[in-house]
Each structure stands twice: as C-alpha cells, then as structure tokens.
Amino acid sequence: MRMELSAVTAPGAGTETIWMFDFDGTISEFVSSPGEAEIHPDCRDLIRDLATRPFQRVAILSSRLLDDVVKRVRIPGVYLGCGSGMEWRRPGGGRFLADPAQLAPLKRNRQAILPPLRKLERIPGIDLEDKRWSVAVHVRRASKAGRYLAEMYLGQLRRRRILRFSRGRDAFEIPFLAGMNKAVGAKMFAGRLCRGSGAAPMVYAGDGENDAMAMKWVVRKGGMAFAVGQEAVIPAARLVPGPAFLAAEIRRLFGIDRNQPAG
C-alpha cells in the first residue's frame with residue numbers, strides 16, 4: 001500500500017507539517033567514506049525552502065555525531081537530531097539531550113560493546129565509525145569474503161545478546177542503548193519539540209533499517225514515507241533513486257516552487 005498525497009496536507013495550506021530527513025544516503029549521496037558526505041544541493045535548497053515557510057517544522061535525524069552534522073548542514077530554521085534522536089540542536093543553536101539519565105548506561109554499554117567490535121578492524125576493508133551513541137561497521141571497501149566474515153561475527157554477538165544492529169547500505173549500525181532507534185527520535189520531534197498532539201501531517205525520508213522503524217510509525221499516523229535507494233525499506237514508502245530525485249519528487253507532489261517567498 002502507498003500513501004496518497006491527500007493524506008498529507010501541503011505546505012502553506014495553513015496547517016503545520018512535520019518534515020524529517022535522514023542524512024547519509026538520503027539528502028547526501030551514498031559515498032565510500034563518511035567523511036566525504038555532504039548535503040546534495042537540491043536537498044539543501046528544498047530544506048531551506050521548507051524551513052522558511054510558516055507552519056513547517058523541519059528536522060535532520062541522523063545517527064552521526066551532532067558536531068559533525070552541524071558543520072554539514074548550515075540551514076537556518078532546522079532542528080538537528082543526532083544519535084538517532086538522543087542529542088539535539090535547536091534552530092537557535094541551543095543543545096540538549098533527550099534523556100540525560102542515559103549517559104551512565106551509555107558509558108557502561110560502550111565499555112562492553114566496543115572491545116569485541118575492534119576485532120573486525122583486522123579484516124581488510126572494514127572500518128569502524130564511533131558516533132558516541134552508536135558505532136557503524138562499514139563494509140563497502142571490504143571483499144565479499146570480508147563482508148561475510150563481518151556479518152557472521154556480528155550475528156554471533158547478537159545471538160549472545162552482546163549487541164543488536166540494523167542494516168544500512170554497506171554498513172551495520174550498532175546502538176549502545178536498548179530501545180534506541182529513529183522511531184524514538186521521530187516521536188520526540190513530532191511531540192515534544194513540535195509540541196504536537198500527533199495529528200499534524202508528517203513526512204519522513206530515509207534509506208535503511210533504522211529509518212524503517214521511523215517510517216512505519218509515520219505511516220501508521222497517516223503520514224508519508226520516502227525511501228531513497230534501490231529498494232523501498234517498507235512497502236508503503238515511495239521509492240526514489242537518489243537525493244536529487246527525492247527533492248524533485250517532494251517539490252512535484254507538494255507544489256513547492258524554488259525560491260518562492262515565504263508566507
């Protein structure tokens with residue numbers, strides 16, 4: 001089933017709309033190294049145009065470090081939710097944690113989970129990216145055999161309940177906290193930060209299993225989901241092949257003209 005456009009109110013219609021975008025592979029091109037990622041110009045322009053319109057609430061929801069996203073997304077009026085929504089930056093620059101009480105278990109779990117993962121660095125082409133709230137195991141540069149070994153080892157750790165993970169494109173995302181995923185971040189943004197009752201129309205765009213959890217929640221609430229890449233991560237998502245196509249499709253569906261004056 002695909003959500004119809006009529007289920008979501010178009011921007012500028014006098015009703016609040018909540019927009020949430022994943023970063024890597026969604027509004028940035030899929031690249032071989034995390035350090036190379038940058039927001040696609042078409043997505044930057046789209047998000048800027050959305051953020052300047054009344055009643056529109058826009059967030060970038062990423063598993064990256066907050067400081068890392070701040071330097072890559074320099075768009076006024078946008079919320080930044082990092083660590084899948086564990087750490088936030090308001091449009092005015094104020095920062096806060098979703099739940100400061102999680103810092104103690106975060107430290108304990110990092111000490112338990114990181115050491116066994118370091119063994120994966122012995123496999124040629126495997127890279128670990130420490131994001132404070134999670135760690136990503138990147139396998140894009142590894143051989144087919146290396147990818148297989150990494151997945152087998154992670155599967156063993158999961159069966160032993162040492163960790164859990166979600167799959168992205170050429171990466172495994174391992175959170176350090178139980179129950180930590182982008183659905184939690186999406187709910188926080190739509191509720192606490194937007195002070196909504198859950199009735200405001202929502203749009204979510206992402207590309208991986210972590211995003212799929214948020215997509216499912218948005219669709220259940222009557223919203224719309226966009227999956228960026230080669231496959232729809234949930235059946236109800238509208239599939240677009242890349243960031244430029246995502247920006248163009250949102251503009252087409254919602255009638256968002258470039259450089260249209262706000263108001």
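Annotations
- Average accessible surface for the chain: 46 Å² per residue, computed with a 1.4 Å probe over protein heavy atoms with every protein chain in place.
- Note, ³J(HN,Hα) from phi for the range 25-36, Karplus 6.51, -1.76, 1.60, rounded to Hz, x at Gly and Pro: x, 10, 9, 10, 5, 6, 10, 6, 10, x, x, 8
- The loop-placed chymotrypsin sites (Phe, Trp or Tyr not before Pro) in the range 33-126, going by DSSP, that have at most 15 neighbouring Cβ atoms within 10 Å of their Cβ come out as Phe55.
- Here the accessible area of the chain is 51 percent carbon and sulfur, with a 1.4 angstrom probe and all protein chains present.
- Residues with amide H under 5 Å from that of Leu239, placed H, sequence gap 5 or more: Ala227
- With Cα atoms, 0 to 90° folded angle of helix 103-117 axis to the chain main axis: 50 degrees
- Euclidean distance of C-alpha centroids, the range 78-127 and the range 221-247, integer Å: 26 Å
- Most fluctuating residue given options Arg64, Arg252, Arg53, as computed from a GNM of the chain linking Cα atoms under 10 Å: Arg252
- In loop segments of the range 180-224 as defined by DSSP, the trypsin sites (Lys or Arg not before Pro) with at most 11 further C-beta atoms inside 10 Å of their C-beta are Arg195.
- Selected from Asn181, Asn210, Asn109 as most flexible by GNM, with the chain as the system and alpha-carbon contacts under 10 Å: Asn109
- Cross-link pairs Lys182/Lys221; Lys119/Lys144; Lys107/Lys187; Lys119/Lys187; Lys71/Lys187; Lys144/Lys182 - those with Cα-Cα distance over 27 Å: Lys119/Lys187; Lys144/Lys182
- Contact order normalised by residue count of the chain, Cα under 8 Å, 6+ apart, percent: 24 percent
- Charge sum, other residues only, whose C-beta stays under 15 Å from Leu128's C-beta, Lys/Arg counted +1 and Asp/Glu -1: +3
- Phi to ³J(HN,Hα) by Karplus 6.51 cos²θ - 1.76 cosθ + 1.60 over the range 59-70, Hz, x for Gly, Pro: 9, 9, 10, 10, 8, 5, 5, 4, 4, 5, 6, 4
- Rotationally averaged projected area of the range 150-263 (alpha carbon convex hull; nm²): 9.1 nm²
- Here the Karplus curve 6.51 cos²θ - 1.76 cosθ + 1.60, taken at θ = phi - 60°, turns the phi angles of the range 216-231 into couplings of 4, 5, 4, 5, 4, 8, x, x, 10, 10, 10, 9, 9, x, 9, 8 Hz, with x standing for Gly and Pro.
The values are calculated or read from the model by the stated rules, or taken from the named source; none is laboratory data. Bear in mind the structure is a predicted one, so any value in this text is a computation, not a measurement. Counting neighbours? That spans all protein chains shown, and the Cβs are built from the backbone with ideal geometry, glycine included. Surface accessibility is based on the protein's heavy atoms, side chains included, excluding ligands, DNA and RNA. Shrake-Rupley method; radii C 1.70, N 1.55, O 1.52, S 1.80 Å.
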